[in-house]
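A.B. asks: Okay, handing you the structure first.
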Amino acid sequence: MILITGSGGLIGSSAVEYYCSKGKDVIGIDNDSRKLFFGQEASVVTTLETLSVDFLNNFTNHSIDIANSESIDQIFAKYNTDIEAVIHTAAQPSHDWASKDPKLDLNINLLGTSNLLESCRKYSPDAVFVFCSTNKVYGDRPNQFDYIKHGDRLEPMNNEPFFHRGFDETLSIDQCTHSLFGASKLGADILVQEYGRYFGMRTGCFRGGCLTGWRHRGAKLHGFLSFLIKKSLITKEFSIIGYDGLQVRDNIDADDVICAFDSFINRPSSGAVFNLGGGRENSISVLEALRLCEQLFSIKIDIQYDDVPRIGDHKWWISDMSKFLNSYPEFSISKSLNDIFIEIGEAVIGE
């Protein structure tokens, strides 16, 4: 049995489908907080309803708040040692939204993670605990390096040690601006590590770059690639926030994310930390993404610019996955950037 929080979200719903398709019983936890954060268009109710119909015999969702320790305790007490793994993807995921309600952001991201870890320790201590962390735990540390404009993107100066592969897990998390969201996720990340190191639980933190895919209910404040493609196709216009659109992200499809999680679940360790992303091959700037949309979907996009970047936003991020790949050489990324764009575009057009 697999317990998945955020079961209606991008990564959670992909995990539900993956494990249900393998015949596993799956327990979901999702109370559609995404609607509260980003409005009706971001609601995951339809996704949850579809999953409940498609996997009627082995998927059950519980609409509860992970910040409610009593409710979480009851779930773990009910299923107890039947739970083989916990995949924790539920979160308040936005830089901007966190500043509107810092306390709620902290309650969901940090307190919610604490509740899940403690209930897991009490009732399902042998379960593997996978935490969907974020590269925002590094704050704006990546911005303290030197970059140059190269076409429609920024690139590190050739003398920077991370130029070819991207950032690895040794990047400092200290003395930089994280945003309140980055801070709450960092607290949860460290807590997951500590439950592994201190209590010997089998825990893994996956610090994701841009996790994306056709299931994503992208919104302006969260879900860069999904929102960009949807906005471009529907309105033929897009407003770039900061850095002239030269900022770079590496993108990894949700299905590949779940395969990485599954590799860890099958061969876990305690207190593990891995960067997770699409690497240089799946990296793209905002401007490049808009140009690719125009090319793939034969449209012309009206681009506007907002000069003020988001607090703590990265100028450039590519994930160095060497550590994970050395431990799990069977894993490889299956979906290219073009695959991801086309699948998201087809989902938008089909709505």
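The values are calculated or read from the model by the stated rules, or taken from the named source; none is laboratory data. All values reported here derive from a predicted model rather than from experimental measurement. Here Cβ is always computed from backbone atoms with ideal geometry, including for glycine, and neighbour counts include all displayed protein chains.
A.B. asks: So which of Ile234, Ile229, Ile240 is surrounded by 23 or more Cβ atoms within 10 Å (Cβ to Cβ) and not in a loop (DSSP other than H, G, I, E, B)?
C.D. replies: The unique qualifying residue is Ile229.
A.B. asks: Which pairs have Cβ atoms under 9 Å, sit 6 or more apart or on different chains, and link a residue in segment 48-76 that is more than 21 Å from Leu36 (Cα to Cα) and free of Cβ contacts under 8 Å to residues at least 12 places away in the same chain to one that is surrounded by 14 or more Cβ atoms within 10 Å (Cβ to Cβ) and charged (D, E, K, R)?
C.D. replies: Close Cβ pairs satisfying both conditions: Asn57/Asp25.
A.B. asks: Sticking with this structure for a sec: Determine whether Glu70 is over 16 Å from the mean Cα position of the chain (by Cα), in a helix (DSSP H, G or I), modelled with pLDDT of 95 or more and closer than 20 Å to Asp256 by Cβ.
C.D. replies: No.
A.B. asks: Regarding segment 256-266, can at least one residue be identified that is modelled with pLDDT of 95 or more, in contact with a helix residue (DSSP H, G or I) (Cβ under 6 Å, 6 or more places away or on another chain), farther than 24 Å from Val86 by Cα and surrounded by 23 or more Cβ atoms within 10 Å (Cβ to Cβ)?
C.D. replies: Scanning segment 256-266, I find no residue that is modelled with pLDDT of 95 or more, in contact with a helix residue (DSSP H, G or I) (Cβ under 6 Å, 6 or more places away or on another chain), farther than 24 Å from Val86 by Cα and surrounded by 23 or more Cβ atoms within 10 Å (Cβ to Cβ), so the answer is no.
A.B. asks: Of a type in the set (Ser, Thr, Tyr) and either surrounded by fewer than 24 Cβ atoms within 10 Å (Cβ to Cβ) or part of a helix (DSSP H, G or I) (or both), is that true of Ser133?
C.D. replies: no
A.B. asks: From (1) of a type outside the set (Ser, Thr, Tyr); (2) modelled with pLDDT of 95 or more; (3) in contact with a strand residue (DSSP E or B) (Cβ under 6 Å, 6 or more places away or on another chain); (4) within 17 Å of His222 (Cβ to Cβ), pick out the condition that doesn't hold for Ala42.
C.D. replies: (2)
A.B. asks: Assigned to a helix (DSSP H, G or I) and either touching a Lys or Arg at 6+ places or on another chain (Cβ under 9 Å) or at positive phi (or both): which single residue out of Glu288, Glu281 fits that description?
C.D. replies: Going through Glu288, Glu281 in turn, just one is assigned to a helix (DSSP H, G or I) and either touching a Lys or Arg at 6+ places or on another chain (Cβ under 9 Å) or at positive phi (or both): Glu288.
A.B. asks: Now, a different point. From the list Gly204, Gly187, which one is in contact with a Phe, Trp or Tyr (Cβ under 8 Å, 6 or more places away or on another chain) and either at pLDDT 95 or above or not in a strand (DSSP E or B) (or both)?
C.D. replies: Result of the check over Gly204, Gly187: Gly204.
A.B. asks: Sticking with this one: Does any residue of segment 52-67 turn out to be part of a helix (DSSP H, G or I), of a type outside the set (Val, Ile, Thr) and under 27 Å from Leu106 (Cβ atoms)?
C.D. replies: No, that holds for no residue.
Per-residue answers, yes or no, for (1) over 23 Å from Ser124 (Cβ atoms); (2) of a type in the set (Lys, Arg); (3) modelled with pLDDT of 95 or more:
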position	(1), (2), (3)
Asp54	yes, no, yes
Thr60	no, no, yes
Ser94	yes, no, no
Leu110	no, no, yes
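A.B. asks: For segment 224-248, which residues satisfy the criterion of being at pLDDT below 95, within 18 Å of the chain's Cα centre (by Cα) and within 16 Å of Pro309 (Cα to Cα)?
C.D. replies: Passing the criteria: only Phe224.
A.B. asks: Of the numbered conditions (1) crowded, with 22+ Cβ neighbours inside 10 Å; (2) closer than 19 Å to Leu171 by Cβ; (3) of a type in the set (Gly, Ala, Ser), Gly279 satisfies every one except a single condition; which is it?
C.D. replies: Here Gly279 clears every test but (1).
A.B. asks: Output the number of residues of segment 328-351 satisfying the condition of being part of a helix (DSSP H, G or I) and without any contact (Cβ under 8 Å) to a residue 24 or more places away in the chain.
C.D. replies: The qualifying residues number 1.
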